[in-house]
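Notes follow the structure.
Nothing in this text is a laboratory measurement; each read-out follows from the coordinates by a stated rule. Since the structure is predicted, the reported quantities are computational estimates derived from the model, not experimental observations. Here the Cβ positions follow ideal geometry from the backbone for every residue, glycine too, while neighbour counts run over all protein chains shown.
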Amino acid sequence: MLVKFLLFASLLALSQQQQFSFGGCPTVQIQPTFDLNAYLGDWYEIVKFPASFENGQTCAKAHYDLKPDGHINITNTGKGPHGEKIMANGEAKLVATDGSAKLQLRFAAGTPWGNYWVLDTDYKTYTLIYSCTNMIGISHIEFAWILSRQRTLDQAIMTRLYALMTSFNIDTNHFLPMNQTNCD
């Protein structure tokens, strides 16, 4: 009983900064074809699910470029709560064998890979990213981002992407806007 209580308390603590829900991950459709080269470059964060590693951040931007080993180099930048520059470097890799947009990423060597699934992108304007991890069969933790090639994104595109997520039973009420004003 003590183990169950400690596990529940740990999950509850995690849930304060990530999107935590009971039950398993929802079934989603990943974009069936993926052109990695078209995906590379700069992407600006428009909205996101809460994530402790982004608390208080503004002006979040991700830059993806190809490494010689075929993995993707990730450079995330932003401004901290006091205007300080924040940077995180990581890597991603394609894991789908069917050509779909199923990737994994990590931000420290030797750490587990996390899911990075592109649910929809047109490569030139927007991308919708989703990640979900089942937690011992009783709950899950999920992350989601809508990124744009510009610091803003047309509301019609946002509405369509929210509807897509809702069709997969993902609660879009968890999205928080990223402040992309007064950025360098």
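Once the mean 1/r over all distinct Cα pairs of the chain is inverted, what Kirkwood radius in angstroms do you read off?
By the Kirkwood definition, the hydrodynamic radius is 17.3 Å.
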Notebook entry, point to check: In the chain, which Cys residues have no partner Cys with a Cβ closer than 4.7 Å?
Noted result: none
Note to self: If the elastic network links every pair of Cα atoms under 10 Å, which of Ile46, Ile129, Ile157 fluctuates the most in the Gaussian network model of the chain?
What the structure shows: Ile157
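With charges only on Cβ, +1 for K and R and -1 for D and E, what is the dipole size of the chain about its Cα centre, in debye, rounded to 20?
Working: 13 positive and 15 negative charges, 46 e Å.
The calculated dipole for the chain is roughly 220 debye.
At a threshold of 8 angstrom on Cα-Cα distance, excluding pairs fewer than six apart, so keeping six or more, what relative contact order does the chain reach in percent?
Once normalised by length, the contact order is 27 percent.
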Check: Cα convex hull of the range 27-119: mean projected area in nm², to one decimal?
Finding: 6.9 nm²
Item checked: Modelled FRET efficiency - R0 22 Å, Asp65 with Ala109, Cβ distances, 0.05 increments -> 0.75
Notebook entry, point to check: Just how many pairs of Lys in the chain have C-alpha atoms closer than 17 Å, counting pairs that are eight or more places apart or on different chains?
Noted result: 7
Item checked: Over the chain: helical MRE at 222 nm, DSSP H runs n ≥ 4 each giving -39500 (n - 2.57), nearest 500 -> -5000 deg cm²/dmol
Next item on the list: Mind sorting Lys79, Lys124 by how few other Cβ atoms lie within 10 Å of their own Cβ, fewest first?
Entry: Lys124, Lys79
Checklist line | With Cα atoms, 0 to 90° folded angle of helix 155-167 axis to the chain main axis | finding: 30 degrees
Next item on the list: Taking the chain as the reference, fit the longest principal axis to its C-alpha atoms, fit the long axis of helix 2-15 to the helix C-alpha atoms, and give the angle between the two in degrees, 0 to 90, nearest 10.
Entry: 30 degrees
